[in-house]
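**Student:** The structure is given below, and queries will be raised subsequently.
Since every read-out is calculated from the coordinates, none of them should be taken as a lab result. Since the structure is predicted, the reported quantities are computational estimates derived from the model, not experimental observations. We place every Cβ from the backbone using ideal geometry, glycine too, and count neighbours over all the protein chains shown.
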Amino acid sequence: MAEVEIVEKVLGNGLKIIAERNLDAKSAAIGFFVKTGSRDETQSESGISHFLEHMMFKGTEKRSALDITYELGNLAVKANAYTSDEATVYYGAVLPEYFSRYQELLSDMLKPALDPKEFDMEKKVILEEIALYKDRPSYCLFEKAFRSYFNGHPSGNSVLGSVESVSAITRDDMLNYYKRRYSPSNMVLIAAGNFDLDRFMHDAERLCGGWKSFETERKVEPYEGKEESLEFTKSDIQQAHIMILTGGPSQQDPHRYAFGVFSNIVGDVTGSRYYWALVNSGIAESADSEVDEKDGTGCFISYACCPPDNIDKVSGILNEILDSPLQFTDKDMERAKAKIATRMVLGGELPMGRMRALGHEWLAREKVHNLHSEVEAIMAVSRKDIESALSAYPLTKRSEYRLLPA
């Protein structure tokens, strides 16, 4: 079995590079992780991070949008990109023999031409995407709930933006945003799997070393949450949806391990307290929870979907469980830890999973992700750790949001 080799380097312009080579892997993955997302937008720029993500596939000084599409197909790349409130990520997985060619293509894509015709065409695609998501009740509730709960804090910004905000974005707006946020010192380049390590490092310097570096800023402010209860309506829906938000740990908070185990006990999609009380009993169609760790802040989300006549009953059960967070057995806790560890290991078996874990770990905590250490941290969580996490982030300060058929 080949030994996994990890190499770190910072180019002169500040671009961080992390390479994890495993010659036993059958593929290789590479990605640029940019520390910018909806939380870094002004109100008039709402949706611009996601819009720019699309434009990275629409041509460079060297390649047209069609050239990029054909080349991705010729290399058989499993390529994609995504935008969140915290980051924008461009990545792909390939066979080892195509890795260097894809590295050159991906690096070129990070310098978009922002062609005016492509810009106008892609804006229509984004507006169609917004319309598509508006048909999803859970998305509508999440958007409305986060906007109200975070009350002006950037963590409540919409990733997609609105029809009005996206329609108003100009090419110059996007170019200015790109020049403000896409500094190489605000990115990390990750490679994982089976690839030529020396060539990767050499090509990273050759392809990216000339990128101009500049200062970037992100306002990181804690948010303590608030208590409120709001009800929204939507036509053409049959089910009722409910969300309860409370405070939670940030990406940097060591309580995140214990809170993650607690969330699994309470709201995993199977075998959790929410599942047995709501889904298995037939009261709700679905019910789960999630710890949403953000840069400098975080929140704990409880969500359920049910027939409208059951909404008050579902709310009562959710709140009853949150009122008694420590009502679980040691077996419940060990089972939750095993589920989390299993998912982490399975997700890390492929180069694609390792690439994503390495990238997000660096953006969040500027550490090289170690799967063994992360699993150990989860398995070491005790009841006392969960008690401490719940003491730091008590579930008593809640906001409840409902989306009902109009």
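**Student:** Can you put PHE262, PHE214, PHE51 in order, fewest other beta carbons within 10 Å first?
**Tutor:** PHE214, PHE51, PHE262
**Student:** Still on this model: Determine the calculated [θ] at 222 nm for the chain from helices alone, applying -39500 (n - 2.57) to every DSSP H run no shorter than 4 residues and normalising by the residue count; nearest 500 deg cm²/dmol.
**Tutor:** -13000 deg cm²/dmol, from helical runs alone.
**Student:** Next question. Report, by chain and number, residues whose modeled amide H sits under 5 Å from the one on GLY298, excluding near sequence neighbours (fewer than 5 apart, same chain).
**Tutor:** TYR223, GLY248
**Student:** Oh, and also: Which whole-Hz ³J(HN,Hα) couplings does the range 228-238 yield from phi under the Karplus relation 6.51 cos²θ - 1.76 cosθ + 1.60, θ = phi - 60°, glycine and proline marked x?
**Tutor:** 7, 9, 10, 10, 10, 10, 8, 6, 6, 10, 9
**Student:** A follow-up question, please. For the range 20-30, just list the computed ³J(HN,Hα) in residue order, Karplus coefficients 6.51, -1.76 and 1.60, θ = phi - 60°, integers in Hz, with x standing in for Gly and Pro.
**Tutor:** Couplings: 10, 9, 9, 5, 7, 5, 9, 9, 9, 10, 9 Hz.
**Student:** I need the peptides 391-404, 185-198 ranked by packing, meaning the mean over residues of other C-beta atoms within 10 angstrom, with the highest value on top.
**Tutor:** 185-198, 391-404
**Student:** If you find the alpha carbon centre of the range 305-375 and of the range 170-212, how far apart are they in angstrom?
**Tutor:** Taking the Cα centre of the range 170-212 as reference, the centre of the range 305-375 is 31 Å away.
**Student:** Related question: Of LEU322, SER286, SER388, whose Cα points farthest to the positive end of the dipole of the chain (charges on the beta-carbon: +1 Lys, Arg; -1 Asp, Glu; origin at the Cα centre)?
**Tutor:** SER388
**Student:** Return the inverse of the average 1/r over all pairs of distinct C-alpha atoms in the range 170-233, which is the Kirkwood hydrodynamic radius, in Å to one decimal.
**Tutor:** It works out to 16.2 Å.
**Student:** Read phi for every residue in the range 339-350 and hand back ³J(HN,Hα) as whole Hz from Karplus 6.51 cos²θ - 1.76 cosθ + 1.60, θ = phi - 60°, with x for Gly and Pro.
**Tutor:** Running phi through 6.51 cos²θ - 1.76 cosθ + 1.60 with θ = phi - 60° gives 5, 5, 4, 4, 5, 5, 5, 4, x, x, 6, 9 Hz.
**Student:** Ranked highest first by average number of other Cβ atoms within 10 Å, how do 284-295, 97-108 line up?
**Tutor:** 284-295, 97-108
**Student:** Counting other beta carbons within 10 Å of each residue's own, what order do THR216, THR297, THR42, THR83 fall into, fewest first?
**Tutor:** Fewest to most other Cβ atoms nearby, the residues stand as THR42, THR216, THR83, THR297.
**Student:** Which of SER229, SER263, SER158 comes first, and how do the rest follow, when ranked by fewest Cβ neighbours within 10 Å?
**Tutor:** SER229, SER158, SER263
**Student:** On the first, second and third principal axes, largest extent first, how far apart are the outermost C-alpha atoms of the chain in Å?
**Tutor:** Largest to smallest, the principal-axis extents are 60, 53, 36 Å.
**Student:** Moving to a separate point now. Could you sort out which of LYS16/LYS62; LYS123/LYS337; LYS134/LYS313 sit more than 32 Å apart by Cα distance in this structure?
**Tutor:** LYS123/LYS337
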